[in-house]
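**Q** Input: one structure, supplied below.
Values in this text are rule-based calculations from the coordinates and carry no lab data. Note that this is a predicted model, so its numbers are computed, not measured. Using ideal geometry, Cβ is built from the backbone for each residue, glycine included, and neighbour counts are taken over all protein chains shown.
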Amino acid sequence: MTPGGLRDFCLSFNAAVEDFPFSPEMSVFKVLGKLFALTRLDGRPLTVNLKCDPEDAIRLREEYEGLIVPGYHMNKRHWNTVTVDGDLPDRVLRELIEDSYDLVVAGLPRAERLRLDRP
């Protein structure tokens, strides 16, 4: 997946926005003010931090050793850093991004989830 493809996919979710609270180079993708993806789109290698269920995080790190590692500068129990421009299939990357978005949405108040059509 290209940097532009990563940005477009993250922005394809309901109410997703790109913000730059840390620096102009650090893209933060949020849903209703809550972070679900963090990346430097000009980074080499291109990586993205994504929220993950703790049990899935461990399994994914073992299955994709070196491509999925504990989240850099994040809570390593709940976040993974995923190498985008490696050997990870785009299908898997898309699923991980969607899972991150869904986990964040699940933590929102019910009224906000209903507005997003994700009860």
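**Q** In segment 92-108, which residues have a backbone nitrogen under 14 Å from the label point lying 7 Å from ASN75's Cα in the Cα-to-Cβ direction?
**A** 103-108
**Q** Show me, for segment 65-75, the HN-Hα J-couplings you get by feeding each phi into the Karplus relation (A = 6.51, B = -1.76, C = 1.60, θ = phi - 60°), rounded to Hz, glycine and proline as x.
**A** Karplus-based 3J(HN,Hα) across segment 65-75 equals 3, x, 9, 10, 10, x, x, 5, 6, 10, 5 Hz.
**Q** Next up: Taking 0.36 nm per intervening residue step and subtracting the Cα-Cα distance, what contour gain separates SER12 from ARG113 on full extension?
**A** The SER12-ARG113 span can extend by a further 34.7 nm.
**Q** Name the GluC sites (Glu not before Pro) in segment 23-119 that are in a loop by DSSP and that have at most 13 other C-beta atoms within 10 Å, would you?
**A** The qualifying sites are GLU25, GLU65.
**Q** With unit charges on the beta carbons (Lys and Arg positive, Asp and Glu negative) and the dipole taken about the Cα centre of the chain, which residue among ALA16, LEU41, GLY71 sits farthest to the positive side?
**A** Towards the positive end, the residue furthest out is ALA16.
**Q** Now for a separate question. Sort out for me the Cα centre separation of segment 30-76 from segment 83-119, rounded to whole Å.
**A** 12
**Q** Pull up all non-local amide H partners of GLY71: gap of 5 or more, or a different chain, and H-to-H distance under 5 Å with H placed in the peptide plane.
**A** TRP79, ASN80, THR81
**Q** Report the extension gain between SER23 and LEU41 in nm, rounded to one decimal, defined as 0.36 nm multiplied by the number of residues separating them, less their alpha carbon distance.
**A** 5.3 nm
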